[in-house]
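Working notes for the structure below.
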Amino acid sequence: MLNSVKLIELEIHGKCNRSCSFCCKRFDKYNTDEVMSDEVYLKIIKDLEQVKYSEMISFSRNNEVLLYTEELKRKVNIIKDRLPNATLVASTNGDYLSKDALKDLNLDKLVIKDYDCMGREKCYNILYELGVDIVQVYDTYIEGKLNNMQIIYIVDFTKNELLEVKNDKSTDDYSDINSNNCTKPIEYIGIDLNGNVSPCCQIHTDNQLHQVFILGNVKDNNLDHIFNSSKAVGFRNYANIDNKKAFPCNNCSSKLNYYKYSHSGIKFKKNIKY
Ligand code: SF4
Ligand code: SF4
């Protein structure tokens, strides 16, 4: 079962218009127009229906979701009908926000990240122009609502959310401070656009060094089986032991609480034994 999983990230397409210094898109991600095929997408939904998945599903996995707004809306509507208890979320850099982009977008939650640190007033005005009802203004974010969709605008994102910025993950070595367990692979599944299943947000199909950590492909196997395979259990055990120094966890910025909060708003629990 997928009982421990709180977040599944789907790479519904592989493109972003930006190249942020803190994003793996910059150094090990393809930037492709390719979208996740319906064959892969519908197979994922079928597998999730079987276990009545009711936690969070994100459409953001190192891509800019609003680059292909109609495809996003179509895919959201399919999953909304078939997994009515799941919470559907996405995050955006805000570059393609418009009334048209948000019209009929049936997400439960959209997170907008102020990567350019424009400040609260500018972010507030953008929401106002989009017709968003402002619910509350906080120090670091603005909460709004548009129809049934909650909107969170994270103000001054790189000041408020990032603890540090690392430019080149291939040469950074965090092993001297890498002593905490990582429970992300217990609570998270990432699925790349080709159907490959990744155990954490740091492992990507297109990085040759990561190939060995891919757990399987939804076209070949059931997602539940993949998540509970000996390979997946082995990776979780590996990530969850103290003082490991080996790749990929020794290079991982995520494990160091790179972000103060997770992208989609859930806080990963610490020190859970699987
Ligand atoms: S906007 Fe988001 S997905 Fe795009 S490069 Fe920046 S952090 Fe990565
Ligand atoms: S430490 Fe990083 S690379 Fe290792 S499992 Fe956790 S998120 Fe993945």
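All of the numbers you see were taken from the coordinates with simple rules; none came from a lab. Predicted model only: the values in this text are computed from it and were never measured. No Cβ is skipped: glycine too gets one built from the backbone with ideal geometry, and neighbour counts run over all protein chains shown.
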Discussion item. Over all directions, how big on average is the projection of the convex hull of the alpha-carbon atoms in region 1-86, in square nanometres?
Written reply: 6.0 nm²
Worksheet item: By per-residue mean of other Cβ atoms within 10 Å, what is the highest-first order of 2-10, 211-219?
Response: 2-10, 211-219
Worksheet, complete the sentence: Calc'd 3J(HN,Hα), region 182-191, phi into Karplus 6.51 cos²θ - 1.76 cosθ + 1.60 (θ = phi - 60°), Hz, glycine/Pro = x, comes to 10, 9, 4, x, 7, 10, 9, 9, x, 10
